[in-house]
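S.K.: Pasting a structure here, questions to come.
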Amino acid sequence: LDAAEAVAERLRARGAEVVYILRGRDFMGGVLDKTGSDLVASRLRAFGCDLRMDEEVAEVIGDKQGRVRAVALKNGGERIEAQLVCAAIGIRMNTTFLAGSGIEVNKGIPVDASMQTNVPGVYAAGDVAEVDDPLIGAKRGLGLWEPARLQGRVAGSNMGGGQSAY
């Protein structure tokens with residue numbers, strides 16, 4: 001699960017009513033296939049989350065003290081009472097500061113198995129790193145906590161003279 005699904009499950013575990021609004025039809029597009037996305041949806045529903053797919057929040061409605069009271073949905077026009085709104089919009093990799101540095105940039109920063117960029121001694125890890133994905137035969141960013149954590153360990157080890165591989 002990504003962070004948004006984890007938050008939804010933890011709120012449900014504490015007894016909160018959760019309405020999960022998803023812009024599209026699939027979870028983590030580009031990372032999960034249709035089956036994987038359906039499994040995430042099934043898990044959230046089994047946990048008691050109300051899933052609203054192909055929908056967006058048009059407005060967060062507050063009271064005079066600035067507290068959230070509701071959200072208005074864009075497509076259905078429905079108003080849902082709320083006390084808390086959590087938002088996750090995905091990942092936009094900030095690589096503009098690397099312009100002219102000689103470090104190769106795609107959407108993110110391509111790295112090898114040691115997490116090294118095309119410039120010797122320069123490493124990248126986490127959401128900005130593009131790693132080899134054998135399923136698609138190309139490099140891509142993963143945008144998930146556990147891979148980012150593991151990539152950071154590999155990069156850190158190798159920056160300190162280790163020989164680790166991701």
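The values are calculated or read from the model by the stated rules, or taken from the named source; none is laboratory data. Just so it is clear, the model here is predicted, and its values are computed rather than measured. Note that each Cβ is placed from the backbone with ideal geometry, even for glycine, and that neighbours are counted across all protein chains shown. Side chains included, ligands, DNA and RNA excluded: accessible areas come from the protein's heavy atoms. Shrake-Rupley method; radii C 1.70, N 1.55, O 1.52, S 1.80 Å.
S.K.: Could you grab me the full set of residues in segment 24-47 that are under 25 Å from Ile136 (Cα atoms) and surrounded by 15 or more Cβ atoms within 10 Å (Cβ to Cβ)? Before you say what the answer is, go through the steps one by one.
M.R.: To start, the set of residues in segment 24-47 that are under 25 Å from Ile136 (Cα atoms) comprises 24-41.
Correct list: Asp26, Phe27, Met28, Val31, Leu32, Ser37, Val40, Ala41.
S.K.: Out of (1) within 30 Å of Asn158 (Cα to Cα); (2) at pLDDT 95 or above; (3) surrounded by 16 or more Cβ atoms within 10 Å (Cβ to Cβ), the odd one out for Val19 is which?
M.R.: With respect to (1) within 30 Å of Asn158 (Cα to Cα); (2) at pLDDT 95 or above; (3) surrounded by 16 or more Cβ atoms within 10 Å (Cβ to Cβ), Val19 is out only on (1).
S.K.: A follow-up question, please. Under the condition of being out of contact with any strand residue (DSSP E or B) (no Cβ under 7 Å at 6 or more places or on another chain) and touching a residue at least 12 places away in the same chain (Cβ under 8 Å), which residue from segment 123-141 is most open to solvent (accessible area, probe 1.4 Å)?
M.R.: Asp127
Residue by residue, here is whether (1) of a type in the set (D, E, K, R); (2) closer than 30 Å to Gly108 by Cα; (3) touching a residue at least 12 places away in the same chain (Cβ under 8 Å); (4) not in a helix (DSSP H, G or I) holds:
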residue	(1), (2), (3), (4)
Gly48	no, no, yes, yes
Arg52	yes, no, yes, yes
Arg69	yes, no, yes, yes
Met93	no, yes, yes, yes
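S.K.: Further question on the same structure: The conditions are (1) free of Cβ contacts under 8 Å to residues at least 40 places away in the same chain; (2) among the aliphatic types (A, V, I, L, M); (3) in contact with a helix residue (DSSP H, G or I) (Cβ under 9 Å, 6 or more places away or on another chain); (4) farther than 19 Å from Ala129 by Cα, and Ala8 fails exactly one of them. Which is it?
M.R.: (1)
S.K.: Could you list all residues from segment 118-143 that are small (Gly, Ala, Ser), under 16 Å from the mean Cα position of the chain (by Cα) and in a loop (DSSP other than H, G, I, E, B)?
M.R.: Residues of segment 118-143 small (Gly, Ala, Ser): 121, 124-126, 129, 137-138, 141, 143.
If we keep only those that are under 16 Å from the mean Cα position of the chain (by Cα) as well, we get 125-126, 129, 141, 143.
Within segment 118-143, Ala125, Gly141, Gly143 meet the criteria.
S.K.: Here's a follow-up. Could you tell me how many of the residues in segment 95-117 are assigned to a loop (DSSP other than H, G, I, E, B) and either hydroxyl-bearing (Ser, Thr, Tyr) or open to solvent by 100 Å² or more (accessible area, probe 1.4 Å) (or both)?
M.R.: 5
S.K.: Among the residues of segment 146-158, is there at least one that is open to solvent by 80 Å² or more (accessible area, probe 1.4 Å) and part of a loop (DSSP other than H, G, I, E, B)? Steps first, answer last, please.
M.R.: Here is the first cut: in segment 146-158, the residues open to solvent by 80 Å² or more (accessible area, probe 1.4 Å) are 146, 149, 153.
Adding the requirement that they be part of a loop (DSSP other than H, G, I, E, B) leaves none.
No, that holds for no residue.
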